[in-house]
1. Consider all pairwise Cα distances in region 265-396 and report the whole-number % of them above 17 Å.
2. What share of Cα pairs, in percent, lie more than 24 angstrom apart in region 364-470?
3. Work out, step by step, the length gained on full extension between N275 and A40: first 0.36 nm times the residue separation, then minus their alpha carbon distance; give nm to one decimal.
4. Leaving ligands, DNA and RNA out of it, report the carbon-plus-sulfur percent of the accessible area of region 192-347 at a 1.4 Å probe.
5. Sort region 186-235 into rounded, prolate or oblate with this rule: let a ≥ b ≥ c be the square roots of the eigenvalues of the Cα gyration tensor; rounded if a/c is under 1.5, and if a/c is not under 1.5, prolate when a/b is larger than b/c, oblate otherwise.
6. Taking a threshold of 25 Å on the Cα-Cα distance, which of the pairs K104/K372; K29/K372; K67/K404 fall above it?
7. Could you tell me which residue out of A386, L54, G31 lies farthest along the dipole of the chain toward its positive end? Charges go on the beta carbon: Lys and Arg +1, Asp and Glu -1, centred on the Cα centre.
8. Projected onto the charge dipole of the chain (+1 at Lys/Arg Cβ, -1 at Asp/Glu Cβ, origin at the Cα centre), which of L254, L122, Q299 gives the Cα projection farthest towards the positive end?
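The values are calculated or read from the model by the stated rules, or taken from the named source; none is laboratory data. Quantities reported herein were computed from a predicted structural model and do not represent experimental measurements. So basically every Cβ, Gly included, is an ideal-geometry build from the backbone, and we count neighbours across all protein chains shown. All accessible areas refer to the heavy atoms of the entire protein, side chains included, with ligands and DNA or RNA removed. Shrake-Rupley method; radii C 1.70, N 1.55, O 1.52, S 1.80 Å.
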Amino acid sequence: MTKIDWTERVMGIFADICRIPRPSGREEKMGEYLLDFAAARGLAARRDEVGNVLISKPATPGFEDRKTVILQAHQDMVCEKDATLEHDFMTQPVDTYVEDGWLKARGTTLGADDGMGIAMALAVMAAKSDEIQHGPLECLFTVSEETGLTGAMSLKDGWMNGTMLINLDSEDEGEIFIGCAGGINTTVTFDYTACPVPQGYMFLSVGVDKLHGGHSGDDIDKGYANANKILARFLYGAMGKYDLRLCSISGGNLHNAIPRDATALIAVPFADRENIRIDFNVFAAAIQDEYHVTESDAQFIMQSADPVDECIEPATALSIVGALFASFNGVYAMSMDVPGLVETSSNLARVRTENGKVVIVASQRSSVESAKYAVQDTLAACFRLAGARVEHNDGYPGWAPNPKSQLLDISVRTYRQLFGRDPKVKAIHAGLECGLFLTSYPQLDMISVGPTLRGVHSPSERLELATVPMVFDHLVAILREIPA
């Protein structure tokens, strides 16, 4: 076999991907890139109605009788950026740099989730027959994984032929995942009546910024602060002390990201302007002390703002803020079957004031279906008691571990041969597409692997470069050992 610098090849493909716009729901150019990549190498490829792309590659000589393996990654990325950065993900590339062995992006998400999965799959598809030995291969690249698993949900029966699937969307080298949580989203709507702001009031913009953020599944147990909860906590206390008027409130962005920033426009009597500033400074110091380990970069902002004519009717405003403060957020239960695994959680992800409404989005996850609905109902009960309308989406199923998996056995054995130690076999609290694949392809034997990522779904996202060749070498070894 020819000795190849696979890191250079994989990272070269990833560099191309970083120049392609691929927010969830806007993966058209990414799909075109994949089809062109296949065409340039004489590989069969097709795209379905929603944008999923499937590329097929014949077996290398001598491996024609092996089982067909599907390599799978998703096309879209979470597009988060620092609040002060001017960046258009549809027109500007991700600006990457290397620091202390980690690949990072300047002020934005890196997109290694799941650009690295795409890059690894394409490197396999581009390899010559004397470089990698494998049976028949299919590469499935799904769309809109980050915003609702749209591509996986829309996958048609019979579109693929493989019986084994390797998901390339995990974030810890040396760990093989064989199960994941299911999830569901809750949307809360408060209708409000606008009323005039009284005379003699001054306006303030108050908020928190530069919290750690992170993945609402992987990072929910890390102790990171939720910006929406922090802001609601301050506002609730201030409403009990001052005749505070809430004009608008917003925070967070994506349902699967822990919110890093939140802001409210408020009005208070001029006579209270100094006291509320003092209270806010005391509050900020207390929060910084509480989160001194995880949120050392947190910023607390209170500054004068331009006046507006109207505010949210006070009783409704108190209900909104009170419900935000009271609603459950964080780890709801730990697994009794898998030590250290979060079983059930909820993330108060996004708040927006728009057209006479305050709309709140929260996401719930669990590896136990009944518990997923229990935490969903906990949120619903809190907000309905406050007078809101509550809706839930259909959600997606979890992926139950299969300890008898043949693919898992191969993966563990080849990892041990390569690195002289056993990998960790785990389930993950994040949602993977694997559970949905089983609804259309119940015969699939699946695992999930990937290089080490940290801070995904936030501008602190980074890739540990040393883990890239390790994961790729392991992938190659697995493909070589797939049986007939």
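1. Numbers: 6134 of 8646 pairs.
Of all Cα-Cα pairs in region 265-396, 71 percent lie more than 17 Å apart.
2. 47
3. So the extension gain works out to 77.9 nm.
4. 51
5. Cα axes put region 186-235 in the oblate bin.
6. On the way: K104/K372 34 Å; K29/K372 35 Å; K67/K404 17 Å.
K104/K372; K29/K372, as the Cα separations exceed 25 Å there.
7. Toward the positive end, the furthest listed residue is L54.
8. L122
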